Each structure stands twice: as C-alpha cells, then as structure tokens.
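Contents: one structure, followed by commentary.
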Amino acid sequence: MLNVLRREEKYPLNFQEAVQFSHRFSQLLSADEHSKNGSYMVRSLYFDTTEDKDFFDKITEQNVRKKIRIRIYSPDSETAKLEMKQKQGKYQRKRSLKISRKDAELIIGGQYSVLLDYKEDFAAELFSVMVNECYRPKSIVEYQRKAFMAKENNIRLTFDTDIKATESSVDLFSNNLPLYPVLSPDKAIFEVKYDKFMLGYISDIISNINRRSVSYSKYCLSRSLGYPLQI
C-alpha cells in the first residue's frame, strides 16, 4: 500500500509551454516508469456522497477535504488503484490500495464489502467511509500524462493534456467511453509534487512560469455538465 504526504502545486499552461517545459525537464530528470516512451493514459473514476460533499468541499476550498477514486492506466488492465486523497492544510495525503479488476468492478457496482477481504487497515477504513457516507461513482476523467522524477528528493513533475471526462458512464474499463473535453485542447495542467523541499535548479525553471499556482481539480472539471461552474 502506498502512503505519501506531500505538497502539490498546479500551474495552467498552454500546449506550447507544456512542450517547452517538458522538453527542458526531460534533459535534467528521469521519466517515470509509465512515460519512458512518451506520454501515457490515466483514467480515474471518482466517487462522491449522494449530496456531492467532496465536490462542494473543493469548490468552497475547505481546508480539510478528500477525494476517493479508482485509477487505471489501460482499459485492459487486470488491476486498479483505489485511492483516497486528503487535503490537510498545505499538504496532500494520498493512500493507494492495489485491487483486482474484478474487485474494482464490484466496488463500482456498490459491493464495497469486497474491501473487507484485504488485510490492510486502509481497506477497512475505505469500506467504513464509503458505506457510512453513502459514496457512489460519479464521473470518469481521462487524460494524457508525461511525468518526470527527481529521485534524490522524491520530486514528481507531471504534464497533463487532452483532459476529457464523462458523467454519463461509470464503466471504467470500457473501450468506448462517451468522453468530451473539459479543458481546451490547447491547454495543459502542470503539477509539482514534493514531500521534503524543492531543489533549487527545479525551482529556478518553475519560476519562469509567469503565473501563480492555481487550485485546479480534474474531478470538479469532470462534473462541469452537472454543475456548470467556472472552475
């Protein structure tokens, strides 16, 4: 089980900026295990309460909030990651549980009891939260990601493009999802994630982005049909 506590900063870029900065970082950092041959697909199914508490906690910028999702990297994957991200002040805590495709499909169908078959305490916690707070699958987000790592200080830089979503299907493993763009194709989201301190040479490059970090949420973007808000 993965358990990390880190800071996250997000910057909106146009596509040309994303290409320029990703090329610069490619000369200094190692590509992560998924993007050694370029970008790769990320697809996440987000859950929320019947009253969409997590969505509104994010919109109103509550200091303590969470998101629950199942993530895959291919519709053909035989495993998935069930994750909970919790905002705690300046930090994000992310815990991730590897589950089988079969169990992911059962959870999507509302059979949360399969989590009790896992030995990790986190699985029992997820079961309690999802049952007691009435979580249900809400939307799917899919995008292309290119990622780089500074392993000596656990820094991760990601460039996300072609961000699409759907609220009309929760079939995470489908090859024919009815996806639609939720961010202009000429835009990208650059994310900086670190758990200790930022290395100077990386910080110097980021300082060339002539804008402040923003509080983008791909989950909130994915709910743009149900909640046509300006995110």
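The values are calculated or read from the model by the stated rules, or taken from the named source; none is laboratory data. Bear in mind that the values here come from a model prediction, so they are computed numbers and not experimental data. Glycine also receives a Cβ, built like all others from the backbone with ideal geometry; neighbour counts cover every protein chain displayed. Remember, those area values only see protein heavy atoms, side chains included, never the ligands or the DNA or RNA. Shrake-Rupley method; radii C 1.70, N 1.55, O 1.52, S 1.80 Å.
In table form, for the structure just shown:
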read-out: Charge dipole (segment 71-112, unit charges on Cβ, about Cα centre) - positive-most of Tyr73, Gln86, Leu97; value: Gln86
read-out: Accessible surface of the chain [probe 1.4 Å, protein heavy atoms]: carbon and sulfur percent; value: 46 percent
read-out: Cα gyration tensor, segment 21-140 - rounded (a/c under 1.5), prolate or oblate; value: oblate
read-out: Trypsin sites (Lys or Arg not before Pro) within segment 183-231: DSSP coil, no more than 16 neighbouring Cβ in 10 Å; value: Lys196, Arg211, Arg212
read-out: Heavy-atom accessible area per residue - the chain, 1.4 Å, Å²; value: 50 Å²
read-out: Spatially close lysines, pair count over segment 91-159: Cα under 24 Å, gap of eight or more or interchain; value: 11
read-out: Spherically averaged projected area in nm², based on the convex hull that wraps the Cα atoms of the chain; value: 12.4 nm²
read-out: Segment 1-61: trypsin sites (Lys or Arg not before Pro) in DSSP loop, at most 16 other beta carbons within 10 Å; value: Lys36
read-out: Computed over segment 15-70: relative contact order in percent, which uses C-alpha pairs under 8 Å that are six or more apart; value: 31 percent
read-out: Extension gain, Leu2 back to Asp186 (0.36 nm per residue minus Cα-Cα distance, nm); value: 62.9 nm
read-out: Relative contact order of the chain, pairs being alpha-carbon contacts under 8 Å that are 6 or more residues apart, as %; value: 28 percent
